[in-house]
Amino acid sequence: MLDLIERAKKSTMSEMLELCEDVLNLLAEDRKDGALFHLPSSGKATIIGDIHGDLESLSLILNHSMFLKNKDNYLIFLGDYGDRGEQSAEVYYTILSLKKEFPKNVILLRGNHEFPVNIPVHPHDLPHRLTQKFGKSGIKVYEKIRELFDCLLNAATLEKKYILLHGGLPVNLTSLDDIAFAHRTHPSKSFLEEILWNDPEDIRGFYPSPRGAGKIFGKDVTKRILRILGVKTLIRSHQPLPEGVSVKHDGTVLTISSTTIYGGKAAYLKIDLSEEAKSAYELSEIAHKF
Ligand SMILES: [Mn+2]
């Protein structure tokens, strides 16, 4: 694994451009029946939350999870790869290399920092990090990465057990297809925006989010939507957490953060896909924290 991180640090612009091109083709394959990945009910999955340019935490997690030694397992990223941290370029190199090497086992979800063109995000220092690393023409790499944003998956699911996505549950969702095809109904419907931006809160119902995009949603909404989806627990990221994990809505929502850039711990989760669905309380107990 260290080898991959070392390669990320030494990566050249032409390597990055080639990686982006290769992964764009792989993502087109992932999305041909909708932007939703269906996990099988066997094997294990390592789940990683926001990274935000924190190469060191990503490296620790990859080493500790031993993904490369157990390649039949899944590695699921919940989005927010770049921005904020100093090593966004290296983080992109690492996750794209993993996707290229293990295309069927590495699942790249979309975060709000991998934004659709009409919902820009702040801070967005990724272009700056890329030109810092690759010089003026680093902007070509940025343009390729922007193409990737629109090709990432909206969510992953394990039938009857879990839904995994970056932000939150769209409050007016009526079926799993609303998530799988959220990119097609965007922007006339707000499903994609809500998947990327929503946060669970201690309220009833839902309100516009103080973040300026998406909504905040209460326990009643979570329970209603999880029932429609037929799953027990939402696993998501999108918020800084002092302990790396947090439980909301009576154990129906687990939030996980995999970066230390906000000052808290970086966490990741490894779940056995064949086991009965766990509550967010149980998941927070088995999460690894650094
Ligand atoms: Mn986010």
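The values are calculated or read from the model by the stated rules, or taken from the named source; none is laboratory data. Everything numeric in this text was worked out from a predicted model, so none of it was measured. Note that we place each Cβ from the backbone using ideal geometry, even for glycine, and neighbour counts take in every protein chain shown.
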(request) Run down LEU192, LEU176 and say which single residue is touching a residue at least 24 places away in the same chain (Cβ under 8 Å), of a type outside the set (Phe, Trp, Tyr) and closer than 17 Å to ASN112 by Cβ. (result) LEU192
(request) State whether one or more residues within the range 59-80 are more than 16 Å from the ligand (Cβ to nearest atom), in contact with an Asp or Glu (Cβ under 9 Å, 6 or more places away or on another chain), more than 28 Å from ASN198 (Cβ to Cβ) and modelled with pLDDT of 95 or more. (result) no
(request) Mind listing whichever residues of the range 181-213 are in contact with a helix residue (DSSP H, G or I) (Cβ under 8 Å, 6 or more places away or on another chain), within 16 Å of the ligand (Cβ to nearest atom) and over 27 Å from ALA28 (Cβ atoms)? (result) PRO200, SER209, ARG211
(message) Being within 16 Å of the ligand (Cβ to nearest atom), part of a loop (DSSP other than H, G, I, E, B) and either closer than 17 Å to GLU114 by Cβ or β-branched (Val, Ile, Thr) (or both) is the filter here; which residues of the range 158-173 pass it?
(response) LEU165, HIS166, GLY167, GLY168
(message) With the requirement that a residue be without any contact (Cβ under 8 Å) to a residue 40 or more places away in the chain and either surrounded by fewer than 19 Cβ atoms within 10 Å (Cβ to Cβ) or away from the ligand (no atom under 16 Å from the Cβ) (or both), what does the range 247-275 give you?
(response) VAL247, ASP250, GLY251, THR252, TYR262, GLY263, GLY264, LYS265, GLU275
(request) Tally the residues that are outside any strand (DSSP E or B), within 29 Å of LYS289 (Cβ to Cβ) and among the β-branched types (Val, Ile, Thr), restricting the search to the range 1-51. (result) 2
(message) For the range 62-69, check the following and say yes or no: at least one residue is surrounded by 21 or more Cβ atoms within 10 Å (Cβ to Cβ) and outside any helix (DSSP H, G or I).
(response) no
(request) Residue by residue through the range 101-130, note down the ones that are among the β-branched types (Val, Ile, Thr), away from the ligand (no atom under 16 Å from the Cβ) and surrounded by 17 or more Cβ atoms within 10 Å (Cβ to Cβ). (result) VAL106, ILE107
(message) Just to verify a result, which residue in the range 73-83, among those that are touching a residue at least 40 places away in the same chain (Cβ under 8 Å) and part of a loop (DSSP other than H, G, I, E, B), is farthest from LEU153 (Cα to Cα)?
(response) ASP83
(request) For the range 213-246, name all the residues that are surrounded by fewer than 24 Cβ atoms within 10 Å (Cβ to Cβ), of a type in the set (S, T, N, Q) and in contact with a Leu (Cβ under 8 Å, 6 or more places away or on another chain). (result) THR222, SER246
(request) Would you point out the residue of the range 84-138, among those that are out of contact with any strand residue (DSSP E or B) (no Cβ under 7 Å at 6 or more places or on another chain), in a loop (DSSP other than H, G, I, E, B) and polar (S, T, N, Q), that is farthest from ARG31 (Cα to Cα)? (result) SER137
(request) Among the residues of the range 187-212, count how many are among the β-branched types (Val, Ile, Thr) and not in a loop (DSSP other than H, G, I, E, B). (result) 1
(request) Out of the residues in the range 118-144 that are of a type in the set (A, V, I, L, M, F, W, C) and touching a residue at least 24 places away in the same chain (Cβ under 8 Å), state the one that is nearest to GLY214 (Cα to Cα). (result) ILE119
(request) Of the conditions (1) in contact with a strand residue (DSSP E or B) (Cβ under 7 Å, 6 or more places away or on another chain); (2) within 30 Å of ASN70 (Cα to Cα); (3) at pLDDT 95 or above, GLY264 clears all except one; give me its number. (result) (3)
